[in-house]
Amino acid sequence: MRTIHVIGIGAGDPDQLTFQAVKAMRSTDVFFILDKGEAKADLTGLRRDMLDTHLADRAYRVVEARDPERDRSAGGAAYSPAVGDWRSARADIYERLIADELGEDETGAFLVWGDPALYDSTLAVLEEVRERSTVAFDHDVVPGISSVSTLVARHRTGLNRVGRPVQITTGRRLAEEGLPDGVDDVVVMLDAHQRFRAFAGQDVDIYWGAYIGTPDEILVSGPLAEAAPRIERLREQARERKGWIMDTYLLRRSPGER
């Protein structure tokens, strides 16, 4: 039976690899890496650096495939179908990689940024492949240190306050729903449009980070009204310099603003 490890590798810092992750990597014969194009080549480079560091004494193979493009213009009711189409296109690639590149008694692995259970499609895509019943495999999941955990650690703050809930959402949902009632600490991921700007007139602090856990890491914190212009400027400069950006932030509302 083919085996697949889905390995969380942290937010980018090689030191965030857990012993469990390294152990799973060292039991892997084939690593599957989806290439996201020249602009994000350094993401592939970081994965290869981790392999070079921890598997220097053993043989393994790396198989790369081009990640399918997603329709990022789709919004509203079209958003979920567009994501579904993109995941199915990924499933086609995963299915081919597992069937053609992995022997029946071998172990393959996908190295997933952060934690595979938090806003990542790998588990859902593998489940779609399993449901097709064209190639048999077993799989397990190694949790990783998420960008959320790394963000609050870098800012030396907690994720929530005493006895209070915390919500993790996306930029799109934040724009549609605003800050939720009864929740004063909101983590926002996948925000390409800086939706935090809508709350600059409220008593809200922001803890923001881009390229968290990598040498390019950028951190900003403070009252949102003061920090927002600086974040926008740094974000634009970083995107122009690198061609892409991944950022996460925590919005912390004063209880009196509810």
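A few comments on the model shown:
- DSSP-loop trypsin sites (Lys or Arg not before Pro) across segment 56-149, with at most 13 other Cβ within 10 angstrom: Arg58, Arg72
- CD proxy at 222 nm, helix term only [per DSSP H run n ≥ 4: -39500 (n - 2.57); per residue of the chain; nearest 500]: -11000 deg cm²/dmol
- For segment 46-58, Karplus couplings with θ = phi - 60° (6.51, -1.76, 1.60), whole Hz, Gly/Pro x: 5, 4, 5, 4, 5, 5, 4, 5, 9, 10, 5, 9, 9
- Computed on the chain, the Cα convex hull volume stands at 139 Å³ per residue.
- Taking the fewest neighbouring Cβ atoms within 10 Å as the starting point, the ordered list for Tyr211, Tyr94, Tyr249 is Tyr211, Tyr94, Tyr249.
- Rounded to 5, the percent of DSSP beta bridges in the chain classed as antiparallel: 40
- Length-normalised contact order of the chain in % [C-alpha pairs under 8 Å, at least 6 apart]: 23
- As a length-normalised measure over Cα pairs under 8 Å and 6 or more apart, the relative contact order of segment 85-207 settles at 19 percent.
- Inter-probe distance in nm under a simple model that places probes 7 Å from Cα toward Cβ, at Ala41 and Leu55: 2.2
- Cleavage-rule hits, GluC sites (Glu not before Pro), segment 1-105, DSSP coil, Cβ neighbours within 10 Å at most 14: Glu69, Glu104
- Segment 148-257, relative contact order [Cα under 8 Å, separation at least 6], %: 31
- Cβ crowding within 10 Å, taken as a proxy for footprinting-reagent exposure, orders Met25, Met246, Met1 from fewest neighbours to most as Met1, Met246, Met25.
- Descending principal axes extents, segment 2-145, alpha-carbon based, whole Å: 49, 33, 26
- DSSP-assigned coil residues among trypsin sites (Lys or Arg not before Pro) in segment 155-205, each with at most 10 further Cβ atoms within 10 Å: Arg156
Every read-out reported here was derived from the displayed coordinates using simple, explicitly stated rules and does not represent laboratory data. Fair warning: this is a prediction, and the values are worked out from it, not measured in the lab. FYI the Cβ positions are ideal-geometry reconstructions off the backbone, even for glycines, and counts take in every protein chain you see.
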